[in-house]
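Okay, structure first, notes after.
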Amino acid sequence: MEETEIKIIEEVEEVGIKTKKEKDLDSWIPKTDLGRKIKNNEVIDIGFVLENGLRILEPEIVDALVPNLEQALIEVGQSKGKFGGGKRSIWRQTQKKTKEGNKPKFASVVVVGNKNEFVGIGKGKAKETVPAREKAIRAAKLNMIKIRSGCGSWECNCKEGHSIPFKVTGKSGSIIVSLMPAPKGTGLKIEKECGKMLELAGIKDVYSKSFGHTKTKLNMIYACFNALRKLAEIKGR
Ligand SMILES: [Zn+2]
């Protein structure tokens, strides 16, 4: 009995309390024309922005238009294991030798998406891990695309958006990644980090093939993003 009473009070309190994100948007002073239009509710659709090739120069634009954006950290680094075998890490660490000694730097790669055709990727670098991640999130929001999902699988042929409409291929460094339509229930038959990206884009079923040194996760994930780019619809370009 007591428990339910407490719960009700919490619910009442939550009404009227703005989330941090909402507060941030209230205090946002747009610096670009597009930003001002969004703040004034003249532009309310992220699809309109991306389909018309309008450049997003402020991450708040994405915060305002895509409220249900999710993010995933990509394992791009390798922390040295005690016995040589490296463990995958979300931080990619580099050392810079200076007179004062070794100065480590951290790089982070983040994928953002709304699980419904909007997806972006960004990289951030800083002396510490948290600012590196924040930079990466910011960069990912400025680097969003709208893809076209579909079902190009002849085995399935359902016309729903659970897969992709046709085969696409992307390249980064020496790595080539091909994504192919797959029937419902296949799942994401792809390397784990690329799978995170496809999931955030809202794609549930895909076959894939990759060539090159696929252990280089950074190129792998960028090759995957470049493949997804081929599904992006841009008018007037
Ligand atoms: Zn289908």
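Derivation of every value follows stated rules applied to the coordinates shown; laboratory data play no part. The model shown is predicted, which means the values in this text are computed figures rather than measured ones. Cβ coordinates were reconstructed from backbone atoms using ideal geometry, including for glycine residues, and neighbour counts include every protein chain displayed.
Points worth noting:
- Separation between Cα centres of the range 163-218 and the range 49-64, rounded to whole Å: 25 Å
- Stretch gain in nm, segment Asn116-Phe211, where the contour uses 0.36 nm per residue and the Cα spacing is subtracted: 31.4 nm
- Extension gain (nm, one decimal) between Ala232 and Glu160, 0.36 nm per residue minus Cα-Cα: 24.2 nm
- Taking a quarter of the surface of the Cα convex hull of the range 88-237 gives a mean projected area of 10.3 nm².
- Scanning the chain for cysteines with no neighbouring cysteine C-beta under 4.7 angstrom from their C-beta gives Cys151, Cys156, Cys158.
- Cβ-Cβ FRET estimate between Lys189 and Arg88, R0 fixed at 30 Å, reported to 0.05: 0.90
- Residue pairs, from the table Lys123/Lys171; Lys39/Lys171; Lys159/Lys189, whose Cα atoms sit over 26 Å apart: Lys39/Lys171
- Loop-located trypsin sites (Lys or Arg not before Pro) in the range 93-134 (DSSP state other than H, G, I, E, B) with a sparse environment of at most 12 neighbouring Cβ atoms within 10 Å: Lys99, Lys127.
- Per-residue [θ]222 nm for the chain (sum of -39500 (n - 2.57) over DSSP H runs n ≥ 4, rounded to 500): -9500 deg cm²/dmol
- Applying the criteria of a DSSP loop state and at most 14 other Cβ atoms within 10 Å to the GluC sites (Glu not before Pro) of the range 113-190 yields Glu128, Glu155, Glu160.
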